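Here is the structure we will look at, set down as structure tokens.
The values are calculated or read from the model by the stated rules, or taken from the named source; none is laboratory data. Computed from a predicted structure; not experimentally measured. Methodologically, a virtual Cβ is constructed for each residue, glycine included, from the backbone with ideal geometry; neighbour enumeration extends over all protein chains shown.
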Amino acid sequence: MTSIAVVGCGYLGAVHAACMAELGHEVVGLEVDLERVASLNDGRAPFHEPGLDDLLARGLASGRLSFTADPAAIAEVEVAFICVGTPQRRGELAADVSHVDAATATVAAHVTRAGALVVGKSTVPVGTAPRLAEELARTAPHLELAWNPEFLREGHAVDDTLEPDRLVLGVTSERAEAVLREVYATPIAGGTPVVVTDFATAELAKVAANSFLATKISFINAMAELCEAAGGDVVLLADAIGHDKRIGRSFLNAGLGFGGGCLPKDIRAFMARAGEVGADQALTFLREVDAINMRRRSRMVDLAIAGLGGSAIGRRVGVLGAAFKPHSDDIRDSPALNVAAQLQLQGADVVITDPEALDNARRLWPGLSYASTAQEACEGVDIVLLLTEWPEYVGLDPDELGTVVRRRHVLDGRNALDVRRWQAAGWDYRALGRPH
Ligand code: UGA
């Protein structure tokens, strides 16, 4: 058992803290937001993440997990994980690392145990870890830094943390490696591969992985553009190329493209950082990846307006999905809300529903209309847009939904609906990258 602090209990930190307690460690989560601390200490995650509430309840009941706003509570820990966010800087491409700097300073000021390991998990521009290590050498020479990027996906965060695909350990000493191997002894014993490397490779591994995933999505969405122009079917095309093991079928789902708090901002920050380290040409392709992604949203708006007869003014649109992806209530850079807002700006009367993200959506876009069920959102609409592929929307009965709409016209922004079933129920079905 290791005594652990998790600094920053947002998405990453709350999940990490609960999972470390589940692995048998003694964990204190440090968080400045008092409401969040209270909610976590009550066993309620402040966001939707399947399985997390159970894990919090188990950790709290075991006495091995607690959350606090008091930095004095981390004095004696052996390992302090830095889990704060690195959002895109306002008006710039680059990431804002000020929270990482502040969290590291907090650890330096409060962790007193000699030889304690400070472990960065946040997604940072390459070169951040050596800078922080220098800072620690100056301000808290009794501490050592390691970098251990996190690869969890929202909606699968608990499994991704307890049974990760791999662990990347950026270390400068054998001792740091040994401490981290001890922390992750359970997944390692279960077969999780470990890559032990330097700081730069560990930092790059995270942004490289997210850039590759974004590139895969934009690649298939570029193929969707070609299918639209040349008459192909991008879903079958993805199957056809995805069966090649070297390519693989996952992350080849064409549609509205990627959003969320990670992929869009990470590829932009990566481009900005490449310029700063003198390798700006290496990542210019990511500009195209970003552009292809954003074009899908405009294409969806154009298709909807065409489906409404050329003008959205006064027409009613039902939108299924507000979260940036299913099983999440996260609406950061949500393609669904972006499309809904564009249609509203063009004069449509848009009603949105989502099983988990409505409160967040209402806060960010108070000007849009919301309904708590698909039936309500689609009441009297001229067109239905599936923009986030929640299982409950994919499984909707097209006959039943057909009784509430004004026109049976559906745009499948995620290529998720059963085309034949919807067409058999008399729906005019359109999708991105597919013939109609
Ligand atoms: C992503 C990465 O997948 C994680 O490995 C990483 O740890 C995380 O970012 C992070 O940096 O913290 P996440 O943002 O939770 O995870 O979501 P993804 O599952 O990657 O989906 C991102 C977006 O791509 C969603 O909007 C999704 O709808 C879209 N997507 C995904 C597609 O359009 N097509 C696909 O085939 C797959």
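Of the residues making up the stretch 38-45, not a single one is touching a residue at least 40 places away in the same chain (Cβ under 8 Å) and not assigned by TED's automatic domain parsing to the domain that holds ALA274.
Residue-wise test of (1) closer than 17 Å to THR353 by Cα; (2) in contact with a Pro (Cβ under 9 Å, 6 or more places away or on another chain).
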| residue | (1), (2) |
| --- | --- |
| LEU386 | yes, no |
| PRO391 | yes, yes |
| VAL410 | yes, yes |
| ASP418 | no, yes |
| ARG421 | no, yes |
| ALA431 | no, no |
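Looking for something more than 11 Å from the ligand (Cβ to nearest atom) and surrounded by 16 or more Cβ atoms within 10 Å (Cβ to Cβ) - is there at least one such residue anywhere in the stretch 250-264? There is no residue in the stretch 250-264 that is more than 11 Å from the ligand (Cβ to nearest atom) and surrounded by 16 or more Cβ atoms within 10 Å (Cβ to Cβ).
Answer yes or no as to whether ILE267 is among the hydrophobic types (A, V, I, L, M, F, W, C), within 11 Å of the ligand (Cβ to nearest atom) and part of a helix (DSSP H, G or I). Yes; evaluated as a whole, the condition is true for this residue. Summed over the stretch 137-166, residues that are closer than 30 Å to GLU389 by Cα and not small (Gly, Ala, Ser) total 16.
Restricting the search to helices (runs of 4 or more DSSP H) fully inside the stretch 138-206 and requiring at least 3 residues that are hydrophobic (A, V, I, L, M, F, W, C) and over 23 Å from ALA95 (Cβ atoms) gives 174-183, 185-189.
Can we say SER218 is outside any loop (DSSP other than H, G, I, E, B), among the hydroxyl-bearing types (Ser, Thr, Tyr) and either in the same structural domain as THR128 (by TED's automatic domain parsing) or within 15 Å of the ligand (Cβ to nearest atom) (or both)? Taking the combined requirement at face value, the residue satisfies it. For the stretch 329-385, the helices (runs of 4 or more DSSP H) that sit wholly inside it and include 2 or more residues that are closer than 25 Å to ILE292 by Cβ, out of contact with any strand residue (DSSP E or B) (no Cβ under 6 Å at 6 or more places or on another chain) and at pLDDT 95 or above are 335-345.
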